[in-house]
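*Asks:* This structure is in structure tokens; I'll ask about it shortly.
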Amino acid sequence: MAILKGEVTFKVTFEGLGVPIGFGYTSAIIYKECAEQVYASAPWSKFGNKKNPKFKVELIDKFIERN
């Protein structure tokens, strides 16, 4: 097994996302939805049926190395 360390940066853009305002957790909903779309975009994801066309997920940068 390889021991790795690194950093991966994704960019998630969205449009037309309906989120209730004023409940104090608006940001949490947005973060959760974005993270869910990153996972749904993975080719091995069993979550692919939840991929939302309102979101665009891009892999911006990656840095991975062995320890």
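The values are calculated or read from the model by the stated rules, or taken from the named source; none is laboratory data. No experiment lies behind these values; they were computed from the predicted model shown. Positions of Cβ are backbone-derived with ideal geometry, glycine not excepted, and every protein chain shown enters the neighbour counts.
*Asks:* Could you say whether any residue in the range 7-20 is without any contact (Cβ under 8 Å) to a residue 12 or more places away in the chain and either among the charged types (D, E, K, R) or surrounded by fewer than 10 Cβ atoms within 10 Å (Cβ to Cβ) (or both)?
*Replies:* Checked against the condition, which is being without any contact (Cβ under 8 Å) to a residue 12 or more places away in the chain and either among the charged types (D, E, K, R) or surrounded by fewer than 10 Cβ atoms within 10 Å (Cβ to Cβ) (or both), the range 7-20 yields at least one hit.
*Asks:* Does the range 33-48 hold any residues that are part of a loop (DSSP other than H, G, I, E, B) and either among the small types (Gly, Ala, Ser) or touching a strand residue (DSSP E or B) at 6+ places or on another chain (Cβ under 8 Å) (or both), and which are they?
*Replies:* Of everything in the range 33-48, those that are part of a loop (DSSP other than H, G, I, E, B) and either among the small types (Gly, Ala, Ser) or touching a strand residue (DSSP E or B) at 6+ places or on another chain (Cβ under 8 Å) (or both) turn out to be SER41, ALA42, SER45.
*Asks:* Next question, about the same structure. Taking the range 6-31, which residues are in contact with a helix residue (DSSP H, G or I) (Cβ under 6 Å, 6 or more places away or on another chain) and at pLDDT 90 or above?
*Replies:* Result: PHE10, VAL12.
*Asks:* Related question: Give the residues of the range 49-61 that are out of contact with any Gly (no Cβ under 7 Å at 6 or more places or on another chain), among the charged types (D, E, K, R) and either in contact (Cβ under 8 Å) with a residue 24 or more places away in the chain or part of a loop (DSSP other than H, G, I, E, B) (or both), sorted by residue number.
*Replies:* Hits for the range 49-61 are LYS51, LYS56, GLU58, ASP61.
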